[in-house]
Amino acid sequence: MTFMYIFYVLPYVAFAIFVVGTIYRILEWAKCAVPLKIPTTAGQQPAFKFVRRTWIDKIDSPSNKFWAFVRMLFEVFLFRSLFRNTKYYVEKAGKNADTRWLWLFAILFHYSLLIIVIRHLRFFTNPTPKFVSLLEYLDGVVGVAIVPPLLMSSVIALVALAFLWGRRIFLAKERCISLPSDHLILGFMAVILVSGMLMRYIVKIDLSYVKMFALSIITFHPPSPDVLNHLHWLFLIHFTFVCITIAYLPFSKVMHFAGVWFSPTRNMPNDNRMRRHVNPWDPNPEVPILARTGIVIDGMVFKTKKLDWDTYYEMYKDQLDEIAEKNYTLKPEL
Amino acid sequence: MYHKPYVILGILAFLALLAMPYWVTAGNIKYEDIHKELAKPKGVNCVENVKWMAANHMELLNKWREMAVRQGIRITHTETGTYNVSLTECWKCHDYNHFCKKCHEFMDVRPVCWECHYNPGMPFKTVHFK
């Protein structure tokens, strides 16, 4: 059955799309200028000597590149800004509700996924490195009561995924802002996780052929038709969805794994008052933009949108008159 | 492109992470047709059909453990014949070191069975009972 070779070609195509697509998107982001200094901070910036500044302030309000890098590490490995996740309630007089369970399930999901990916190295390496075996042993040490040992990472990933998806389904505001693509990628994850767990615990499959297939992919050694014909249908579903997901990553929100490094609010040191930030695409920064007619790049003039009072008044005449009538006192509508 | 050194470093880190299987093994990944390497079993047929056994032998051993240890059933009849409900029944046909262990090592599977139970890979003689 030669058409089974589709499954051998599939991962290469998916990986090519993934690598090229990711690098393309990284380069596109790298081409974007950051015209303004916009770090968001949640700590005390360097001030007078008597103003207390702890190491947490240094992370949350970094004053140089080193501490900005530390903040990036906290962001990437501990999801620091998600840990501040609170919900603002107007009806409760501006009280914030703690919604950090999102942080908890997000971090559980990401780290479980990391462990699952590393565990899969046992299919792609021969002989298997010791740390992969050790990781799998530690992963299954709690669930050793059943055969094969229940691996905690997959259970945790499944529970966390249920919460992250349930949040988008059952909470009204989150459902409102969820796009079909959000559900799509969560659906892919669910199919991959469930099919993988089914193969381990319920529908037993002959893994020797799966490993031979995986080795043939990684060593660029085409598998024999015998190997391909012995692949279980459930494995093919699992495998196909993994390939589709990998190919889909550059087009999806999952690109946050690269995008997080480009967040201007995270990766810029908060040194506005120490250093002048020059708009990188402005060739003549000596004169402030508002004092010029525009920015000249390659002979083209990009005009600044200056608005004088008369034009503004013409635009919003009705509202401005109404406000003036009330002697400029504004009250919220109740 | 802005911040070129950082971006190039980032892309290189990304590619290095993708190449993980190669560097964690120091490029030492061997393609192996394990079915050709395994010692051929002596008998004509296995307890169940061979394809089923390849995927489900651990299920069968689990069932056998329950039968032998908890219910005291020591003889079982299957479609292919009558068998002692015992691990030693397996060693009559299968060579432990060159069949069971070899494939388990290839798959990086560590059965917990041998923490209590005997296998011929241990330095004792196998005793078959009638």
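The values are calculated or read from the model by the stated rules, or taken from the named source; none is laboratory data. For clarity, every value in this text was computed on a predicted model and none was experimentally measured. No Cβ is skipped: glycine too gets one built from the backbone with ideal geometry, and neighbour counts run over all protein chains shown. Surface areas here come from the heavy atoms of the whole protein model, side chains and all, with no ligands, DNA or RNA. Shrake-Rupley method; radii C 1.70, N 1.55, O 1.52, S 1.80 Å.
List of remarks:
- Amide hydrogen neighbours beyond the local backbone of A:Leu150, cut-off 5 Å, H modeled: A:Gly143, A:Val144, A:Ala145
- Where GluC sites (Glu not before Pro) in DSSP loops with at most 12 other Cβ within 10 Å are excluded, longest remaining stretch of chain A: A:92-285
- Per DSSP, loop GluC sites (Glu not before Pro) in the range B:1-94 with at most 10 further Cβ within 10 Å: B:Glu79
- Between helix B:50-65 and chain B: long-axis angle, C-alpha atoms, 0 to 90°, nearest 10: 70
- Calculated FRET efficiency, B:Thr78 to A:Phe15, Cβ-Cβ distance, R0 = 51 Å: about 0.70 to the nearest 0.05.
- Acute angle (nearest 10 degrees) that the helix B:4-18 long axis makes with the longest principal axis of chain B, alpha-carbon atoms: 10
- Residue-normalised accessible area of chain B, given per residue in Å² at a 1.4 Å probe: 68
- Contact order normalised by residue count of chain B, Cα under 8 Å, 6+ apart, percent: 22
- Computed FRET value (nearest 0.05) for B:Ser86 with B:Glu37, which takes r as the C-beta separation and R₀ as 35 Å: 0.85
- Cα long-axis angle, helix A:65-78 against chain A (0 to 90 degrees, to the nearest 10): 50
- Once the 1.4 Å probe is applied to the protein heavy atoms, chain A comes out at 61 Å² accessible per residue.
- Cα gyration tensor shape of chain B, rounded if a/c is under 1.5, else prolate or oblate by comparing a/b with b/c: prolate
- With the whole protein complex present, A:Phe105 retains an accessible surface near 30 Å², based on a 1.4 Å probe.
- Per the accessible-area calculation with a 1.4 Å probe, the total area buried between chain A and chain B rounds to 3500 Å².
- Of B:Asn45, B:Asn56, B:Asn28, the one that fluctuates the most in a GNM where chain B has Cα springs shorter than 10 Å: B:Asn28
- Residue mean of other protein chain beta carbons inside 10 Å, B:100-109: 4
- Over 18 Å apart at the Cα level, from the set B:Lys40/B:Lys125; A:Lys303/B:Lys4; B:Lys63/B:Lys125; A:Lys37/A:Lys303; A:Lys204/B:Lys102; A:Lys211/B:Lys101, are B:Lys40/B:Lys125; A:Lys303/B:Lys4; B:Lys63/B:Lys125; A:Lys37/A:Lys303; A:Lys204/B:Lys102.
- Estimated FRET transfer efficiency when R0 is 60 angstrom, pair A:Ser224-A:Leu330 (beta carbons, to 0.05): 0.15
- Residues of the range A:207-246 whose accessible area (probe 1.4 Å, heavy atoms of protein chains only) drops by at least 30 Å² once all protein chains are present, relative to their chain alone: A:Ser208, A:Lys211, A:Met212, A:Leu215, A:Ile218, A:Thr219, A:His221.
- Inter-site label distance for B:Ala26 and A:Ile146 at 7 Å from Cα along Cβ, in nm: 3.9
- Neighbour-limited loop hits for trypsin sites (Lys or Arg not before Pro), the range B:1-46 (at most 14 other Cβ within 10 Å; DSSP other than H, G, I, E, B): B:Lys30, B:Lys42
- Over the range A:2-267, relative contact order from alpha-carbon pairs under 8 Å, at least 6 apart, %: 27
- A crude spin-label estimate for the pair A:Tyr24 and A:Phe302, with each label 7 Å from Cα along the Cβ direction, gives 2.4 nm.
- Take each residue of peptide B:11-20, count the partner chain Cβ atoms within 10 Å of its Cβ, and average: the result is 3.
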